[in-house]
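Worksheet: one structure, shown below.
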Amino acid sequence: MSKKRKKNSLNLFISSLLLFFLVFTYGCWGGKRHYVRPNTDISDIKRIAVLPFENFTSDKHAGDKVRSMVIIEMLSRGMDVIEPGEVIKTLLESNVRSIHTISVDDIQNMGDALGIKAVLIGSVESFGMSRGVSVSYPEVTIHLMMLDTESGDIIWSTWHSTGGASFWTRHFGAEGRTLDETSSRVVKEAFNTFF
């Protein structure tokens, strides 16, 4: 075999290996799906209320933890977020007993009462450390939905999951991200689909 042919074969092998590694790593790390209503002008949304998050995990504080990270992320992106206690007070005054039962009328009433154009609702579907054969790794899955307070229409919705043991953690026992780092990452990546 000629020198040039060997070099081309080696380059092809290295390129194939690199492509496999990238696909494998991305496939094991997480996923996201999102929707943004066409012709939505986000610059029009200056103030927003973040409702309490539903929690479908075994960590009874997961909803509050992720909600706090979401509020911080929104503030860091220049949005004015209504104080969480004021949101709870408005929900109670509107006789909203559960986020499950919130109606378009309730959302419109919140818009009027708080002077906001949108509300954000969310859920935490997984939040915690999972145990592999020889390593532990964080897994976080969230669903966020922004609703227009005038129409009740969905402006933006995203489902985002991240976590799992990285290639280095699985094969070499390297220390991976913490649960807080993973949660922060999933929130930031979720908002990147909107902003």
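Readers should treat all values here as calculations from the given coordinates under stated rules, not as data from a laboratory. This structure is a prediction, so every number in the text was calculated from the model and none was measured. Here the Cβ is made from the backbone with ideal geometry for all residues, glycine too, and neighbour counts use every protein chain on show.
Structural remarks
- Tallying residues that are in a helix (DSSP H, G or I) and either under 13 Å from I142 (Cβ atoms) or of a type outside the set (D, E) (or both) within region 29-55 yields 3.
- S58 being small (G, A, S) and either part of a loop (DSSP other than H, G, I, E, B) or closer than 22 Å to I42 by Cβ (or both): yes
- Taking the conditions (1) in contact with a helix residue (DSSP H, G or I) (Cβ under 8 Å, 6 or more places away or on another chain); (2) of a type in the set (A, V, I, L, M); (3) free of Cβ contacts under 8 Å to residues at least 12 places away in the same chain in turn, L114 satisfies each one other than (3).
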